[in-house]
Structure formats: structure tokens, C-alpha cells
Amino acid sequence: MSAAEQLKAMKARTEKFIGEQEIAKRLEAGKTLRVKLGVDPTRPDLTFGHMVVLNKLRQFQDLGHQAVLIIGDYTTRIGDPTGRSDTRPVLSEADIEANAKTYLEQAYRILDPKKTEVRRNSEWFGKMSFLDALNLSRQMTVAQMLVRDDFAKRYQEQTPISIVEFLYPLLQGHDSVMLKADIEIGGSDQLFNMMVGRDLQEKDGQAPQAVLGMPLLVGLDGEKKMSKSLGNYIAFNENPKDMFGKIMSVPDATMWIYYRLLLERSEEEIKSLQAQHPMEMKKQLAVTLTDKFHGTGAGAKERQEFETVFSKGGVRTDMPEFTWDTLSAGANDAGIVDLLAATGLFPSKKEVRRLIEGGAVKIGDEKVSDPALKISRPTSEIVIQAGKRTFVKVK
């Protein structure tokens with residue numbers, strides 16, 4: 001592709017492209033770009049929100065440039081303050097290392113591992129002296145830091161901001177200096193941090209990196225950014241049933257955002273798809289994404305099960321099975337809350353009670369409305385439905 005064609009592809013589906021003309025000149029000179037994406041292993045799972053930036057990094061690989069995935073095993077000890085109203089909890093080194101391992105396994109579902117340079121920022125921060133850290137800190141002022149919306153808001157509300165949080169943008173920026181990055185990719189909420197990298201590179205005498213700000217993927221609620229803390233996320237490691245079901249639960253308007261950012265469909269393609277029935281389009285979206293993470297055929301299987309349950313009033317054929325004695329510890333009767341909690345399919349008894357009180361639990365065709373309900377040992381198998389997607393067979 002020509003430099004102009006590559007530039008057009010790079011700009012697709014971005015919100016901000018700072019330094020575009022600089023990159024145009026490097027492309028025209030035939031330079032292979034070093035393109036940086038940093039992830040902090042704060043949790044064990046990547047979500048579809050990460051897929052937006054990973055898709056963009058994969059695009060650079062396909063264009064023949066060098067993708068650099070940096071695992072922030074050192075910056076995780078601080079915690080990115082972006083969008084935070086409080087200080088992040090500190091993770092242990094063992095948790096960080098375990099999370100980092102799973103991040104790579106998951107990232108390679110999108111990226112080509114043979115074309116990915118993987119670095120950890122502990123490589124350089126672990127060797128820094130305190131004097132080095134002080135010299136890095138001199139590169140920015142408190143006034144510059146308070147330009148950030150989240151810092152400014154916390155300062156005005158007199159919510160504590162630790163000094164170490166002020167260091168985070170500097171550390172992320174220093175990564176770009178060490179990697180000699182030409183471009184940094186991140187969510188649009190990362191613009192401040194990425195611009196710090198651009199400034200630090202110039203002070204170091206390097207050509208400054210361009211900054212690609214990607215849209216933030218909205219979650220299942222169709223309103224807020226996809227986030228584990230909000231519970232509105234889909235994880236890469238979600239089982240096929242839950243992945244398919246969660247995608248089917250998104251609002252119709254959100255579905256087209258997923259087509260655009262996750263499946264990378266063009267505006268022309270989306271306009272054509274919007275002429276078709278939205279339910280069919282949502283099923284096709286769910287099939288395609290489920291296949292992507294669980295292999296060809298997984299999506300079609302889940303679609304069949306979904307249609308059996310929701311379109312034809314049936315029940316899932318692949319539901320987990322339990323014996324009565326396993327769940328009730330051999331008792332002849334058991335409370336519905338204790339029985340469902342014993343399956344291990346729910347995060348807590350509180351969640352089971354919430355489902356019952358919300359009218360989302362059925363035994364056979366009978367809705368359960370009382371969390372104190374006790375069930376006697378069944379003479380044959382029974383099927384309990386809890387929520388839209390969870391079915392349990394008790395023998």
C-alpha cells in the first residue's frame with residue numbers, strides 16, 4: 001500500500017490522530033513503524049473493550065509494521081488513575097505475574113504472535129535508582145498534572161490523590177522513550193498519558209510518537225464504558241453460552257457499535273446490514289464473535305440453543321446436571337437459595353436472592369417468588385431456571 005493508503009487505513013475507526021503529518025513523512029521515507037500498546041495486568045481477563053485497541057494493533061501488523069505489546073508489570077504496582085475517583089488497590093507480585101501470563105495468551109487470539117514484540121516495563125523501571133526517579137519527576141509540574149480531568153475533579157472534591165499516582169503518566173511516557181515508539185495506541189481516555197510520552201521523547205531528542213485515540217466500547221447496558229467494576233462486560237474467556245447470551249442482551253443501537261469496532265465493518269457495510277431485521281443481525285453478530293473466541297461452529301451451536309430456549313419456549317439441552325444429595329448434603333429438603341448456591345454457578349447467595357425477588361427463577365414452569373421456599377427431595381429430575389441463560393437439572 002502507498003503511504004496515503006496506509007494513512008487512511010490507520011485513521012479508520014479512530015477518534016484522535018495526533019501527529020498524522022509526522023507519520024506521513026515517515027511512511028513516505030519507507031520507515032517500518034514501531035507501534036506501542038500498553039496493558040496493565042490488573043485482572044486476569046481481557047474484555048471486548050481491549051479488543052478495540054488490539055484490533056488496531058493487528059492492523060499495523062498486517063500493514064507490515066512492528067507491533068510492540070508492553071505488559072505494564074511495573075506500572076500495575078501504581079495503578080492507572082485514569083477515570084478513577086480513588087486510589088487503586090495494590091496487587092501482589094504473584095497476582096501481577098499470573099495476570100500477565102493470561103493476558104498474553106488472550107492477546108494472541110487477536111495478534112499474530114510471530115509479529116509481536118513483547119516487553120515488560122520492569123525491564124527498565126526495575127533498574128532505576130531513586131535519583132533516576134527524581135530526574136524523571138522533574139519532567140512535569142503539579143500544575144500540568146492537574147490539567148487532567150480526573151485529577152482536577154478529585155482535587156476539587158478534596159479526594160486524596162497519592163504522589164505515586166502523579167508518577168503514572170510519567171512512567172507510561174517513559175515507556176515510549178525506552179521503546180522509541182513511532183505511534184502509541186490507547187483508548188481516548190488515555191490521551192493525556194500518551195501525550196506525556198510524546199513530550200518526553202522530544203525532551204530526549206527523539207522524534208515524537210503519534211497518538212491514536214480509539215473509541216471506548218460501551219458495555220452491555222449501552223450507556224457506560226465496558227468495565228469489570230460495572231459488571232457490563234464480556235470477557236475473552238467467557239464460556240460460549242454466556243458470551244453468546246450477553247451479546248444478545250445488548251441494545252440494538254449498541255449492536256452496530258460492536259459491528260463497527262469489534263468486527264471492523266465499514267459504514268457502507270453497516271448501512272446495508274441495518275436494512276435487515278435487527279434480531280437476525282444480532283444473532284449473526286453473536287455467532288461471529290463466539291466463533292472468533294471458541295472456534296468455528298461454536299456460535300451456530302449456541303444460536304440453536306438460544307432459539308430453542310427463547311424463541312420456542314424450550315430449555316437448554318446442555319445444562320449442567322447435579323444430584324439432589326450433592327446439593328443438599330443428603331437432606332430430604334433444602335432451601336431454594338442454598339440449593340442454587342451449592343451449584344457454584346452464582347457468585348453469592350445474595351445474587352440468588354436477587355434473582356428470586358426479581359421474578360427470574362422458575363422450577364419447571366412455576367415461578368419462585370419467595371427466597372425462603374423449601375423444596376422436598378424430587379422423585380424425578382427437575383429443571384430450575386435462574387435468570388435468562390442459566391438452567392440447572394437436578395436428579
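The values are calculated or read from the model by the stated rules, or taken from the named source; none is laboratory data. This structure is a prediction, so every number in the text was calculated from the model and none was measured. Please note: Cβ atoms are built from the backbone with ideal geometry, for glycine as well, and neighbour counts cover all protein chains shown. Heads up: the accessible areas ignore ligands, DNA and RNA and are worked out on the full protein's heavy atoms, side chains in. Shrake-Rupley method; radii C 1.70, N 1.55, O 1.52, S 1.80 Å.
Report the charge-dipole magnitude of the range 266-395 in Debye, nearest 20, computed about the Cα centre from +1 at each Lys and Arg Cβ and -1 at each Asp and Glu Cβ. For the range 266-395, the charge dipole is close to 220 debye. Pairs from the table (Lys228/Lys350; Lys350/Lys374; Lys36/Lys203; Lys228/Lys395) lying more than 25 angstrom apart at Cα are Lys228/Lys395. Annotation for the range 130-191: GluC sites (Glu not before Pro) lying in DSSP loop with at most 15 further Cβ atoms inside 10 Å of their Cβ are Glu157. Does the range 245-395 classify as rounded, prolate or oblate by the C-alpha gyration tensor (a ≥ b ≥ c root eigenvalues; a/c under 1.5 gives rounded; else a/b over b/c gives prolate, otherwise oblate)? Prolate.
Under 5 Å from the amide H of Val218 lie the amide H atoms of Met226, each residue being 5 or more positions distant or on a separate chain, with H modelled from the backbone and absent for Pro and chain starts. Based on the alpha-carbon gyration tensor of the chain and its eigenvalue square roots a ≥ b ≥ c, which shape applies: rounded if a/c is under 1.5, prolate if not and a/b is larger than b/c, or oblate? In terms of gyration-tensor shape, prolate.
Charges were assigned to the Cβ only: +1 to each Lys and Arg, -1 to each Asp and Glu. The resulting dipole of the range 86-155 about its Cα centre is roughly 200 debye.
In order along the range 334-342, the Karplus-derived 3J(HN,Hα) couplings, from 6.51 cos²θ - 1.76 cosθ + 1.60 at θ = phi - 60°, round to 8, x, 4, 5, 5, 5, 5, 4, 5 Hz, and Gly and Pro are given as x.
Of all aspartates and glutamates in the structure, the ones whose alpha carbon falls short of 20 Å from that of Lys362, not counting any fewer than 8 places away in one chain, are Asp242, Glu305, Glu307, Asp318, Glu321, Asp333, Asp338, Glu351, Asp370, Glu381.
For the chain, the share of DSSP beta bridges that are antiparallel, to the nearest 5, is 45%.
In the chain, the calculated helix contribution to ellipticity at 222 nm averages -13000 deg cm²/dmol per residue, counting -39,500 (n - 2.57) for every DSSP H run with n ≥ 4. Going down the list Lys56/Lys282; Lys25/Lys282; Lys11/Lys225, which pairs span over 32 Å between their C-alpha atoms? Violating the 32 Å limit, Cα to Cα: Lys25/Lys282. Remark: the range 381-395, residue by residue, has Karplus-estimated 3J(HN,Hα) of 6, 10, 10, 10, 9, 10, x, 6, 10, 9, 10, 10, 9, 10, 9 Hz, where x stands for each Gly or Pro and the curve is 6.51 cos²θ - 1.76 cosθ + 1.60 at θ = phi - 60°.
Think of the range 266-311 as having a plus end and a minus end, set by charges on the Cβ of Lys, Arg, Asp and Glu; of Thr296, Leu285, Leu273, Thr296 sits farthest toward the positive end of this dipole. Note that the range 275-290 has calculated 3J(HN,Hα) couplings of 7, 9, 5, x, 5, 5, 5, 5, 5, 5, 4, 5, 5, 5, 5, 5 Hz, one per residue in order, obtained from phi through the Karplus relation 6.51 cos²θ - 1.76 cosθ + 1.60 (θ = phi - 60°); glycine and proline are x. Taking the C-alpha atoms only, the angle from helix 48-62 to the longest principal axis of the chain is near 50 degrees. Normalising the average separation of contacting C-alpha pairs (under 8 angstrom, six or more residues apart) by the number of residues puts the relative contact order of the range 275-395 at 22 percent.
In this structure the amide hydrogen of Val361, modeled in the peptide plane, comes within under 5 Å of the amide hydrogens of Val368, Gly387, none closer than 5 places in sequence on its chain. Under a model in which nothing but the beta-carbon of Lys, Arg (+1) and Asp, Glu (-1) is charged, the chain shows a dipole of about 240 debye around its Cα centre. When the chain is described by a simple charge dipole with +1 on each Lys and Arg Cβ and -1 on each Asp and Glu Cβ, the residue from Trp324, Leu134, Asn239 located farthest towards its positive end is Asn239. Mean sequence separation of contacting Cα pairs (under 8 Å, at least six apart), scaled by the length of the chain, corresponds to a relative contact order of 14 percent. Overall shape: rounded for the range 78-233, with the ratio a/c of the largest to smallest alpha carbon gyration tensor axis below 1.5. In the chain, the longest principal axis of the Cα atoms and the axis of helix 191-203 are about 30 degrees apart. For the range 262-368, the fraction of 1.4 Å probe accessible surface lying on carbon and sulfur atoms is 48 percent.
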